[in-house]
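The values are calculated or read from the model by the stated rules, or taken from the named source; none is laboratory data. These numbers come from a predicted model, not from an experiment. Neighbour counts run over all protein chains shown; Cβ positions are idealised from the backbone, glycine included. Each accessible area value is taken on the protein alone, full model and side chains, heavy atoms only, with ligands, DNA and RNA left out. Shrake-Rupley method; radii C 1.70, N 1.55, O 1.52, S 1.80 Å.
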Amino acid sequence: MELIKNWSNIYIEAGCDEVGRGCLSGPVVAAAVILHDDFEQNLINDSKKLTFKTRMELDSYIKDNVKNYAIAELPPAFIDEHNILNASIHAMHRALDKLTIRPELILVDGNKFHPYNYIPHQCIIKGDSKVLSIAAASILAKNYRDTLMIKLHQEHPEYGWDTNFGYATKKHQEALIKYGPTKHHRQSFRLKYD
């Protein structure tokens, strides 16, 4: 199914998405993307439907060919203090803060968002598989977070973050039982698996 390029046809639109909500460790990461009118790329889709290799290949294409993009992250301590939903929305706000072009409409993947700077927004369930700018944002956010988790894996290889990226896989759970949590784990999440 071809993704929708323009939701409104009249406003400058920023697509937003976040990744890492369900992880036990690492930050939540969000991206915002404003497309050029002539942006074309039929490989772009929901980042969860793409292979690691395809996503990484699309990363520089997106960055080089969109009108504007920004990426923001919030650490586990922020997630623990504000809860994961609020942290996810705040990360999207942070990404929007970093854009150098002010959007006139914000398109958000999912069904929850807090108003941002008096700019209208539209929540779209499964937006990353329906709207091109949201799909592009999902790819940038996921690539950024996966790359970060691969780097953190070098500090703590026992948790397998180079392959599970902080999600609650069997290996990750077994490492938590054996070694306990690190400073990169979200203390407000269920980390006890004994």
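Could you tell me whether Met92 is within 16 Å of Ala136 (Cβ to Cβ), open to solvent by 50 Å² or more (accessible area, probe 1.4 Å), of a type in the set (A, V, I, L, M, F, W, C) and touching a residue at least 40 places away in the same chain (Cβ under 8 Å)? No, not satisfied. Against the test of being in contact with a helix residue (DSSP H, G or I) (Cβ under 8 Å, 6 or more places away or on another chain), part of a loop (DSSP other than H, G, I, E, B) and crowded, with 20+ Cβ neighbours inside 10 Å, the options Ile44, Ile79 yield a single qualifying residue, Ile44.
Considering only residues of region 162-190 that are of a type in the set (S, T, N, Q) and more than 21 Å from the chain's Cα centre (by Cα), which is most open to solvent (accessible area, probe 1.4 Å)? Applying the filter and picking the extreme gives Gln173. Reported count of residues in region 47-83, each being charged (D, E, K, R), within 22 Å of Ile150 (Cα to Cα) and in contact with a Leu (Cβ under 9 Å, 6 or more places away or on another chain), is 4.
Val108 satisfies every condition listed in (1) under 24 Å from Val66 (Cβ atoms); (2) among the β-branched types (Val, Ile, Thr); (3) surrounded by fewer than 15 Cβ atoms within 10 Å (Cβ to Cβ); (4) out of contact with any Lys or Arg (no Cβ under 9 Å at 6 or more places or on another chain) except (3).
Put simply, of Tyr159, Tyr193 the only residue that is open to solvent by less than 30 Å² (accessible area, probe 1.4 Å), over 18 Å from the mean Cα position of the chain (by Cα) and either touching a residue at least 12 places away in the same chain (Cβ under 8 Å) or on the phi > 0 side of the Ramachandran plot (or both) is Tyr159.
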